[in-house]
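Visitor: Just passing along the structure, written as structure tokens.
Computed from the coordinates by the stated procedures, all read-outs in this text should not be read as laboratory data. None of these values were measured; they are calculated from a predicted model. Reconstructed Cβ throughout: ideal geometry from the backbone, glycine too, with neighbour counts over all protein chains shown.
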Amino acid sequence: MHELSLVSSLLEMIVEDAQKRGFKKVTCVRLSVGEYSGANRQVLEFALEHLSRGTPLEGAAFDLAVEEASCLCNNCQLTFKPEQPFFTCPFCGRASSSFVKGKEVYIDYYEGE
Ligand SMILES: [Zn+2]
């Protein structure tokens, strides 16, 4: 996970959107951080603080909310909460599942003025 490039592209998206809406300043940003996104919270916070300097996001309150992971079993179609390390399906026991939630870092919402 490359937190710096991830945060830099998220900030760019917010700046672009804030300009369209006519916001001069972004006051708070809430990011959803997937439980299994591999993003390190401290690194994310560091990147947010540093990369927002000199942008309309400088001084904004950054809130990082953990998104619980959810998997879909490719065999029986059960949706379940994965447990490390094998992510096996609790119903059929197969270890063949895909993440439906909890692998991404995305912007939940932001506020500006
Ligand atoms: Zn299953």
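Visitor: Restricting to bridges with both residues inside the chain, how much of the DSSP beta-bridge set is antiparallel, in percent to the nearest 5?
Guide: Numbers: 13 of 20 bridges.
Percentage antiparallel, nearest 5: 65.
Visitor: Picking from PHE23, ALA60, GLN42, whose Cα lies most toward the positive end of the charge dipole for the range 1-60 (charges on Cβ: Lys, Arg +1; Asp, Glu -1)?
Guide: PHE23
Visitor: Let me know the charge dipole size of the range 1-61 about its Cα centre in debye, to the nearest 20, where only the beta-carbon of Lys, Arg (+1) and Asp, Glu (-1) is charged. Don't skip to the answer; put the middle values down first.
Guide: Numbers: 7 positive and 8 negative charges, 60 e Å.
Dipole size: approximately 280 debye.
Visitor: How large is ³J(HN,Hα), in whole Hz, for each residue of the range 30-43 in order, when computed from phi with the Karplus curve 6.51 cos²θ - 1.76 cosθ + 1.60 and θ = phi - 60°, using x for Gly and Pro?
Guide: 10, 9, 9, 10, x, 3, 10, 6, x, 7, 8, 4, 4, 5
Visitor: Amide H to amide H under 5 Å from GLU67: which residues, 5+ apart in sequence or cross-chain, H placed 1.01 Å off N in plane?
Guide: Those qualifying (amide H under 5 Å, at least 5 residues apart or on another chain) are VAL33, GLY34, GLU35.
Visitor: Oh, and also: Work out from phi, with θ = phi - 60° and the Karplus expression 6.51 cos²θ - 1.76 cosθ + 1.60, the ³J(HN,Hα) of each residue of the range 96-108, listed in order in whole Hz, and give x for Gly and Pro.
Guide: Values per residue, Gly and Pro as x: 10, 9, 10, 6, 9, 7, x, 10, 10, 10, 9, 7, 6 Hz.
Visitor: Still on this structure, please answer the following. Restricting to DSSP H runs of at least four residues, report the calculated mean residue ellipticity at 222 nm for the chain, -39500 (n - 2.57) per run over all residues, nearest 500 deg cm²/dmol. Intermediate values should be presented prior to the final figure.
Guide: On the way: 2 runs with 30 residues, N = 113.
Computed ellipticity for the chain at 222 nm equals -8500 deg cm²/dmol.
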